Amino acid sequence: MSCRVCSGRLTEFADFGRQPVSDAFVTPGDTREEFSFRLAVGICETCTMVQLLEEVPRERMFHEAYPYLSSGSSVMREHFQALAKSLLATELSGPDPFVVELGCNDGTMLRSIAEAGVRHLGVEPSGGVADLAASKGVRVVKDFFEEATARRIRDADGPADVIYAANTLCHIPYMESILSGVDALLRPDGVFVFEDPYLADILERASFDQIYDEHFFFFAAGSVQEMARRSGFELVGVERLPVHGGEVRYTLARAGARRRSPAVDELLAAEASAGVTDLATLRGFAARVERTRDELVELLTGLRDKGATVAGYGATAKSATVLNYCGIGPELVPFICDTTPAKQGRLTPGSGIPVRGPEAFAGPYPEYAVLFAWNHAEEIMAKERAFREAGGRWILYVPEVRLV
Ligand code: DWN
Ligand code: SAH
Ligand code: ZN
């Protein structure tokens, strides 16, 4: 394996063992062997990009039955509405603007653009969620974005003022083709804006469950700057975001086309002083993760031994790493409740825990609930206030194992 950005040598720093496809929820009774791969992470010795060491073929993850829905969180719906509003007021305020979103999912962001009557296109390979976007009035093409897709869009629709991707660019190992595609599609002074989990936040919070098949790259300002430079772009903006446990929104423009915000140098300096790409930091993270695993398993085993009732909350893609790395199955967490229709009635991949609808949570409340959707803690704890009032306790494992 060599770096998917610069072909440099990779140094491994964490290994989570064999893992299933995180969003491949299993139909009960299906006895076919589940696909698995080795989930391990390394850092490039040349460009510092942190990335997975093994790649899962994209069609195994993103297909007709891909279950995740962006609209499943009210905080995320508001987040994307605010982003759309801000783009409409700035980059998309000229004559006949055109915006392309990669990984538009169920259209949570683009529906606001469509409602404003602005030209747009979503590029979304997962057919089921793409259909949901179309049903909201979003124009969407069912395809993987890559250079050829970009050229087809450019030929049909002309250049884009903005190309946007949330929680999608970090899912795509074939980065050279993506950036050539952006180069082909973006107008000369257009911007490529993308937001993804931030490496520094993952290391600081030991949020190791951000590491799973779909999350191939773990970006930081330093590695993104280098990645951009290699393809003729420049990192001109960065903004830290509180969503999904800590993200950064990066803005790329063609080299020299835009003024570079001072925030870029500030973030680069912060990364240098925190040593986010030092091997010592990365190895320290790996050691901390092992402790988290041991403490979580000890807590859940103790609760089972004393006969306490436990449930999981949020059958996240992230939870696949937690469950399979820690060896947690239905004997420790008998079920997980989740609002996503396509996950309900199925079993979690690899670990075989039944997923039930949200009503299962209150019928009756368990004594303890593992909050696998910890990134939505505020929203969920507010919605489930009655659980705490009834004496229930949340179990969190990021940034450390604790009861709330
Ligand atoms: O990057 C990705 C992010 C954006 O979404 C994708 N690769 C896959 C997915 O990751 P995830 O599954 O870890 O994302 P979430 O947003 O943490 O998933 C939350 C889960 O919890 C969903 O299945 C919906 C569910 N949920 C719920 O049951 N009740 C969520 C909320 C807010 C709730 O109130
Ligand atoms: N943007 C949404 C969805 C994130 S999930 C949000 O932030 O909530 C990642 C999405 O990227 C999935 O819907 C998946 O189908 C899509 N995806 C994966 N590879 C892609 C590619 N090459 N081009 C466009 N979308 C892609
Ligand atoms: Zn590299």
Beta bridges per DSSP with both ends in the chain, % antiparallel, nearest 5: 50 percent
The chain: angle of helix 279-305 to the longest principal axis, Cα-based, in degrees nearest 10: 30 degrees
Added length on full extension, which subtracts the Cα-Cα distance from 0.36 nm per residue, residue 156 to residue 46: 35.8 nm
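For region 1-125, what value does the Rg/Rh ratio take when both radii are computed over Cα atoms and Rh is the Kirkwood radius, given to two decimals?
On the way: Rg = 19.3 Å, Rh = 17.9 Å.
Here the Rg-to-Rh quotient is 1.08.
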Full-stretch length increase - residue 148, residue 54 - with 0.36 nm per residue and alpha-carbon distance subtracted: 31.4 nm
Positive-end residue, region 61-280 charge dipole about Cα centroid, Cβ charges, pick of 224, 188, 242: 188
Residue 1 versus residue 279: modelled label distance in nm, points set 7 Å from Cα along the beta carbon direction: 1.7 nm
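Regarding region 61-280, what's the average projected area of the Cα-atom convex hull, expressed in nm²? Provide the component values of the computation, followed by the final result.
On the way: hull surface 46.6 nm².
Answer in nm², one decimal: 11.6.
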GNM result for the chain, Cα springs below 10 Å: residue of 309, 321, 277 fluctuating most strongly: 309
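Of 151, 9, 249, 293, which has the most accessible area and how do the rest follow, probe 1.4 Å?
Working: 151 120, 9 165, 249 35, 293 65 Å².
The ordering from most to least exposed comes out as 9, 151, 293, 249.
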Spin-label model distance (nm) - residue 386 vs residue 183, 7 Å beyond Cα toward Cβ: 5.8 nm
For region 296-342, alpha-carbon Rg and Dmax in angstrom: 11.1, 34
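Whenever you get a sec, line up 381, 49, 1 from highest to lowest accessible area (probe 1.4 Å, protein heavy atoms). Mind showing how you got there, number by number?
Values: 381 55, 49 0, 1 125 Å².
From most accessible down to least: 1, 381, 49.
Counting each DSSP H run of 4 or more residues in the chain as -39500 (n - 2.57), what helix-only mean residue ellipticity at 222 nm follows after dividing by all residues, to the nearest 500 deg cm²/dmol?
On the way: 13 runs with 135 residues, N = 404.
Helix contribution divided over all residues of the chain: -10000 deg cm²/dmol.
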Orphan Cys of the chain, criterion: no other Cys C-beta under 4.7 Å: 104, 170, 326, 337
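If you take the alpha carbon radius of gyration of the chain and divide it by 2.2 N^0.38 Å, what ratio comes out, to two decimals?
Details: Rg = 21.1 Å, N = 404, 2.2 N^0.38 = 21.5 Å.
Cα Rg divided by the expected 2.2 N^0.38 Å: 0.98.
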Of all accessible heavy-atom area on region 76-128, the percent that carbon and sulfur account for (1.4 Å): 50 percent
Separation between Cα centres of region 227-261 and region 82-99, rounded to whole Å: 18 Å
Around residue 326: net Lys/Arg minus Asp/Glu count, Cβ-Cβ under 13 Å: -3
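How much of the calculated P(r) for region 281-403 lies past 19 Å, in percent of all Cα pairs?
On the way: 3328 of 7503 pairs.
Cα-Cα pairs in region 281-403 separated by more than 19 Å: 44 percent.
Would you mind working out the accessible area per residue for the chain, using a 1.4 Å probe, and quoting it in Å²?
Ligands and nucleic acids excluded, the result is 40 Å² per residue.
Give, as a single signed number, the net charge of other residues whose beta carbon lies under 15 Å from the beta carbon of residue 362, with Lys and Arg counted +1 and Asp and Glu -1. Please list the in-between numbers first.
Numbers: positive: 356, 383, 385, 388; negative: 338, 359, 367, 384, 389.
Residues near residue 362 contribute -1 overall.
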Accessible-area order (highest first, 1.4 angstrom probe) of the listed residues 304, 240: 240, 304
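The values are calculated or read from the model by the stated rules, or taken from the named source; none is laboratory data. All values derive from a computational prediction rather than experimental measurement. Neighbour counts run over all protein chains shown; Cβ positions are idealised from the backbone, glycine included. Heavy atoms of the whole protein, side chains included, go into the accessibility calculation; ligands, DNA and RNA do not. Shrake-Rupley method; radii C 1.70, N 1.55, O 1.52, S 1.80 Å.
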